[in-house]
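The values are calculated or read from the model by the stated rules, or taken from the named source; none is laboratory data. This is a predicted model, so every value here is computed, not measured. Every residue, glycine as well, gets a Cβ built from its backbone with ideal geometry; the counts of neighbours run over all protein chains shown. Side chains included, ligands, DNA and RNA excluded: accessible areas come from the protein's heavy atoms. Shrake-Rupley method; radii C 1.70, N 1.55, O 1.52, S 1.80 Å.
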Amino acid sequence: FPTSVVEYFQGYLGQPPGGFPEELRRKVLKGKPTVTGRPGAEMGKMNFAIEEGKIADKYGKEAMSDLNVISRALYPAVFDDFYEVRKKYSDLSILPTKAFLRPMETDEKIVLDVGKGMKSEIVFKAVGDRQGNGGRGGF
């Protein structure tokens, strides 16, 4: 199972109303420990200013926000994975889900909100030949 599923069943995201189906939980966890109660309740003290500095050093000042500091404090690996992908590919949240999850088809069109009152229309026309780095250009 993906780490996110295992951690969900461990209780790191809280407890669902009525709890987890125990037979399924046992199969997913395979003996891993569980968290009861509120996630983060057992965390030690945290210096948020130091955490802000770590985020700024690694991802730039634009990544600093109270939400990001809390997110990284609670889920450091998830936060770091998210920002590594963002560094590599930019902000993918503007993509429609369908275009994010699967390749576009020839002549398929998507419209992206790229800024306040600004949209960009993209029509996929063709895929270029494979390049030396393994990538392909899209037209």
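Considering only residues that are in a loop (DSSP other than H, G, I, E, B) and open to solvent by less than 50 Å² (accessible area, probe 1.4 Å), which ones fall in the range 10-20? Selection gives Gly11, Gly14, Pro16, Gly19, Phe20.
If you filter the range 87-105 down to residues that are surrounded by 10 or more Cβ atoms within 10 Å (Cβ to Cβ) and in contact with a Phe, Trp or Tyr (Cβ under 8 Å, 6 or more places away or on another chain), you find that the one that is farthest from Met46 (Cα to Cα) is Met104.
If the condition is being open to solvent by 80 Å² or more (accessible area, probe 1.4 Å), under 15 Å from the mean Cα position of the chain (by Cα) and of a type in the set (Asp, Glu), then the range 53-81 contributes only Asp81. Return the residue satisfying two criteria in turn: it lies in the range 94-118 and is over 24 Å from the mean Cα position of the chain (by Cα) and in a strand (DSSP E or B), and of such residues it is farthest from Gly138 (Cα to Cα). By that ranking, first place goes to Met118. Between Glu84, Glu23, Glu7, Glu42, the distinction of being more than 19 Å from the chain's Cα centre (by Cα) and either surrounded by 12 or more Cβ atoms within 10 Å (Cβ to Cβ) or at pLDDT 90 or above (or both) belongs to Glu23 only.
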